[in-house]
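Novice: This is the structure I want to talk about, given as structure tokens.
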Amino acid sequence: MFLGLQPPVGERGFSPVSEVNNQGFSPGILEQDNGLATNSENLLTVIDVGSAKTCVLVGETIDGSLRYRGHGISESRGSRKGAIVDLEKASSSIHRAVEEAEKIAGATIDHAVVTMGGPLVRGLNSRGGLNLGSRPREITREDVRQASERARSVVLPADREMMHLLPQEYIVDQQSSIRDPLGMIGMKLEVSVHIVTAGKSSSQNVVTAANRAGIQVDDTIFEGLASAEGTLKSDERELGICLLDIGAGSTDLIVYFEGAVAHTGVVPIGGDHFTNDVAVGLRTPLIEAEKIKRLFGNAVVTNVPESNEIEVPAVGERPSRLMPQRLLSEILEPRARELFEYVRDNLRQGGVLEALGAGSVLTGGGARLAGLMPIAESVLRSPSRIGRPATIAKMPMELSDPEFATAVGSLMYANRSRVARSGPGQTGFAAKLKAIFQSA
């Protein structure tokens, strides 16, 4: 059984900024002659660097409440399959999105939280504990800290870093499902955690690209965790749910069971793979293939009437052609089934395939393809729905689309983390656990 509290963003095994600075990089500083106010302490900024677009979202916190302040979007260049492949182009994309967000927010942006995903992100479960003595005694804060420290003491490969340490449950003398062990009596204390790791070079390249755009990175968030923050409901997390964030280059997945993260992973198939299939199958340019996919695509062949035809631009100087719309679906359906078969295999390997009592939630830009839900339900044998991010006060309606789930969820997650660390007035289990994991 898992417990449903996650530590805030800063409670991880490394600091992206310090890691990069130790290797000779220093965060850039934006010029202050643009007439904008300096970045206020109550502003929060997140940067979502995807393979298709780069989104900068700015929020403002007032007495713990979050509201929209501004956003900027630019076409992603220099990114592929969730990784930076050209630092200068990626930095330029971030800079353009930051400038647009600054104009709307009316403030200079020089600090941000950055999202991270792609094939180099992996998760694992760990357990640690300690004996309390030969006779039962009261469990102290120091006992919990030591147990947490042992749970996180996992030997990682030299090329990997810890991103998130997510608590699942405490076990006292083989009694599991304990939320708060402080003050309980026992002889042995154990804690189960889920650890999200990332490739060192991949994470540092993202931070460096932001630094070159004049942004100091305060922290990084796994994209799947961010999307879950803004789209999943509490009862889904309890029953068991798999969130699939279908991006352009890959699909991030995260599973909750009994309120806590049980599994994370990445599948190397995204929306661009569908577009490439259409471009090859219909012999049309990639730009046109993306438009055709969005306007006429359906992942279920039988959903398309046999008589429907679509106009398909040809490559080069050749004229456009009329083709059956079903041909488009015959291209998309096999790729959709392949995506969810990869997901199914990943969940089975993680031991959570049978734990999806609430089914799956599809979000990200790729989730907008018609017919994906029935394919997901068929392959995963559980219900599915489209996940749209929760609304933030004053947020434009355009940000309620699935492709903005990561950006909006990141802002909500960062705000919740700030509130959790905000002051001595915090009481109860949440405050105790956060303090313990910060010191671990």
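The values are calculated or read from the model by the stated rules, or taken from the named source; none is laboratory data. Source: prediction; values computed, not measured. Neighbour counts run over all protein chains shown; Cβ positions are idealised from the backbone, glycine included.
Novice: Out of all the residues in segment 251-286, which are farther than 21 Å from Ser126 by Cβ, under 21 Å from the mean Cα position of the chain (by Cα) and part of a loop (DSSP other than H, G, I, E, B)?
Specialist: Correct list: Pro268, Ile269, Gly270.
Novice: Evaluate segment 164-179: report whether one residue or more is free of Cβ contacts under 8 Å to residues at least 40 places away in the same chain and not in a strand (DSSP E or B).
Specialist: Residues of segment 164-179 that are free of Cβ contacts under 8 Å to residues at least 40 places away in the same chain, as a first pass: 172-175.
After this cut, where a residue has to be not in a strand (DSSP E or B) as well, the list is 173-174.
Yes, segment 164-179 has at least one match.
Novice: Same structure again: Which condition number in (1) of a type outside the set (S, T, N, Q); (2) part of a loop (DSSP other than H, G, I, E, B); (3) buried (at least 17 other Cβ atoms within 10 Å of the Cβ) is the one that Glu306 fails?
Specialist: The single condition Glu306 does not satisfy is (3).
Novice: Are any residues in segment 393-422 closer than 26 Å to Gly82 by Cα and β-branched (Val, Ile, Thr), and if so, which ones?
Specialist: Scanning segment 393-422 gives Thr406, Val408.
Novice: Could I ask something else about it? Out of (1) touching a Pro at 6+ places or on another chain (Cβ under 7 Å); (2) in the same structural domain as Ala112 (by TED's automatic domain parsing); (3) not hydrophobic (A, V, I, L, M, F, W, C), what's the single condition that is false for Arg212?
Specialist: (1)
Novice: Among the numbered criteria (1) under 26 Å from the mean Cα position of the chain (by Cα); (2) in a helix (DSSP H, G or I); (3) hydrophobic (A, V, I, L, M, F, W, C), which one does Ile292 miss?
Specialist: So the condition that Ile292 fails would be (1).
Novice: Determine which member of the set Gly117, Gly78, Gly72 is touching a helix residue (DSSP H, G or I) at 6+ places or on another chain (Cβ under 8 Å), buried (at least 19 other Cβ atoms within 10 Å of the Cβ), more than 22 Å from Val266 (Cβ to Cβ) and not polar (S, T, N, Q).
Specialist: It is Gly72.
Residue-by-condition table, conditions (1) in contact with a Cys (Cβ under 9 Å, 6 or more places away or on another chain); (2) surrounded by 14 or more Cβ atoms within 10 Å (Cβ to Cβ); (3) over 30 Å from Leu380 (Cα atoms):
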residue: Glu311; (1), (2), (3): no, no, yes
residue: Arg318; (1), (2), (3): no, no, yes
residue: Glu330; (1), (2), (3): no, no, no
residue: Phe340; (1), (2), (3): no, yes, no
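Novice: Here are Gly82, Gly64: which of them is out of contact with any Gly (no Cβ under 8 Å at 6 or more places or on another chain) and not basic (Lys, Arg)?
Specialist: It is Gly64.
Novice: Next question, about the same structure. Can you run down the residue pairs with Cβ atoms below 9 Å, 6 or more apart or on separate chains, where the first is in segment 220-235 and without any contact (Cβ under 8 Å) to a residue 24 or more places away in the chain and the partner is surrounded by fewer than 24 Cβ atoms within 10 Å (Cβ to Cβ)?
Specialist: Lys233/Ala358
Novice: Please go through segment 372-399 and give me each residue that is farther than 24 Å from Phe274 by Cα and touching a residue at least 12 places away in the same chain (Cβ under 8 Å), ordered by number.
Specialist: Ala390, Ile392, Ala393, Lys394, Met395, Pro396
Novice: Looking at Thr406 and the list (1) outside the structural domain of Asn298 (by TED's automatic domain parsing); (2) at pLDDT 95 or above; (3) out of contact with any helix residue (DSSP H, G or I) (no Cβ under 6 Å at 6 or more places or on another chain), which single condition is not satisfied?
Specialist: Result: Thr406 fails condition (3) only.
Novice: Of all residues in segment 231-250, which are at pLDDT 95 or above and either assigned to a strand (DSSP E or B) or under 19 Å from Val121 (Cβ atoms) (or both)?
Specialist: Listed by number, the residues that qualify are Thr231, Leu232, Ile241, Cys242, Leu243, Leu244, Asp245, Ile246.
Novice: Sort through Val301, Val280 and tell me the only one that's modelled with pLDDT of 95 or more and surrounded by 13 or more Cβ atoms within 10 Å (Cβ to Cβ).
Specialist: Working: Val280 fails: surrounded by 13 or more Cβ atoms within 10 Å (Cβ to Cβ).
Criteria check complete, one pass: Val301.
Novice: Related question: With respect to Val144, determine if the residue is surrounded by 23 or more Cβ atoms within 10 Å (Cβ to Cβ) and either part of a loop (DSSP other than H, G, I, E, B) or modelled with pLDDT of 95 or more (or both).
Specialist: Values: surrounded by 23 or more Cβ atoms within 10 Å (Cβ to Cβ): yes; either part of a loop (DSSP other than H, G, I, E, B) or modelled with pLDDT of 95 or more (or both): no.
No.
Novice: Now for a different question. With the requirement that a residue be under 26 Å from Thr197 (Cα atoms) and surrounded by fewer than 16 Cβ atoms within 10 Å (Cβ to Cβ), what does segment 120-137 give you?
Specialist: Applying the first criterion (under 26 Å from Thr197 (Cα atoms)) to segment 120-137 yields 120-130.
Of everything in segment 120-137, those that are under 26 Å from Thr197 (Cα atoms) and surrounded by fewer than 16 Cβ atoms within 10 Å (Cβ to Cβ) turn out to be Leu124, Arg127, Leu130.
Novice: A further question follows. Out of all the residues in segment 131-163, which are touching a helix residue (DSSP H, G or I) at 6+ places or on another chain (Cβ under 7 Å) and without any contact (Cβ under 8 Å) to a residue 60 or more places away in the chain?
Specialist: Within segment 131-163, Leu132, Asp159, Arg160 qualify.
Novice: A follow-up question, please. Please go through (1) under 27 Å from Thr54 (Cα atoms); (2) of a type outside the set (Phe, Trp, Tyr); (3) buried (at least 24 other Cβ atoms within 10 Å of the Cβ) for Ile241 and return the number of the only condition it doesn't satisfy.
Specialist: Looking at each condition in turn, Ile241 falls short on (1).
Novice: For segment 1-115, please list each of the strands (runs of 3 or more DSSP E) lying entirely inside it that holds at least 1 residues being within 30 Å of Phe257 (Cα to Cα) and modelled with pLDDT under 95.
Specialist: Where strands (runs of 3 or more DSSP E) fall fully within segment 1-115 and carry at least 1 residues being within 30 Å of Phe257 (Cα to Cα) and modelled with pLDDT under 95, they are 43-49, 65-75.
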